[in-house]
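Participant: Quick one: this structure, given as structure tokens, is what I'll be asking you about.
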Amino acid sequence: MKGSIWNFGLAVAISLALIVFSPIRFFIHSIMIQTLYVPVLEAEAFVNALVTAKAQRDSLSLENAHLLKILGIYKRALYRRRLRSSINPTLARWSGIPADALAFEPLGIPAKVVLNKGWIDGVRKDRPVIAYGSLAGKIFEVARNSSSAITVHNRRLKVAAIIPRSGVLGVFEGGTFMLHYVPKWADVRVGDTVETSGIGPIYPYGIPIGVVEKCDTSGGVQGMFMDVRVKPFYDFTQKAVFVILR
């Protein structure tokens, strides 16, 4: 009888212990999961993310290097194409110095352009400057590593010019784009090409200046000359490789 009571009491005690300590066991288990297992999973996910990010970075670096190489090839090809287009075949007998623009003054319609070549590169004062095969201006100031040129938009630019079709001579004035001292009886037509005449020490013969866009015989000095307006070929709105003739 005593043994049965003892066994019964032991069973009750064990049951009570399980009832009391089970929540504690589950609590301890959950604490262990939160403090050990979850951080391990998070650390593993973080490491995997780092590995993935490194792989993506390496892939992007290779792709960027490839794109930069392609861009460099494109820029060199574009520069050569612009350079070729800046040298008119009729000017092939003169050597030139390629130059890029550093600044335009003033902004808007530039009367002056600063170039990245100077006397150390062989640039000299009063040398013609061409762009896309036509007259852009002339050098008026030279420094060691840069130079400044007045453009066809500057009234200080005066060029002895000729209309090759008829041989009519005149003086092209920058800024106003007028071809001065053309007699009223001269053979000038709208659409005629105007080029440098080669008269004088600065501009060689045959540099295209522009095209006649207006002829007016009603004006002029003392009724002797017609007003001839020229539309320059040089377009300052287009990026160009300038060529300074030697």
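Every number in this text was worked out from the coordinates using simple rules, so none of it is lab data. The model shown is predicted, which means the values in this text are computed figures rather than measured ones. Heads up, the Cβs are rebuilt from the backbone with ideal geometry, glycines too, and the neighbour counts pull from every protein chain shown.
Participant: Each residue of region 225-235 in order: what ³J(HN,Hα) in whole Hz does its phi give by Karplus 6.51 cos²θ - 1.76 cosθ + 1.60, θ = phi - 60°, with x for Gly and Pro?
Facilitator: 10, 8, 8, 10, 9, 10, 9, x, 6, 5, 10
Participant: Are any of the pairs 214/239; 184/239; 54/239; 117/214; 69/138; 158/214 more than 29 Å apart by Cα-Cα distance, and if so, which?
Facilitator: Exceeds cut-off: 184/239; 54/239; 117/214; 69/138.
Participant: Still on this structure: Counting other Cβ atoms within 10 Å, keep those with at most 12, restrict to DSSP loop, and tell me which chymotrypsin sites (Phe, Trp or Tyr not before Pro) in region 162-208 are left.
Facilitator: The qualifying sites are 185.
Participant: Here's another thing I want to ask about it. Long-range amide H contacts for residue 136: which residues qualify at under 5 Å (H placed 1.01 Å from N, peptide plane, sequence gap of 5 or more or a different chain)?
Facilitator: The answer is 129, 130, 131.
Participant: Further question on the same structure: Residue 111's amide H: which non-local residues (gap 5+, or another chain) put their own amide H closer than 5 Å, with H modeled 1.01 Å from N in plane and none for Pro or chain starts?
Facilitator: Here 105 satisfy the definition.
Participant: While we're looking at this one, here's another question. Filter the trypsin sites (Lys or Arg not before Pro) in region 103-170 down to the DSSP loop ones having no more than 10 other Cβ atoms within 10 Å, then list what survives.
Facilitator: Listed in order of number, the matching sites are 144.
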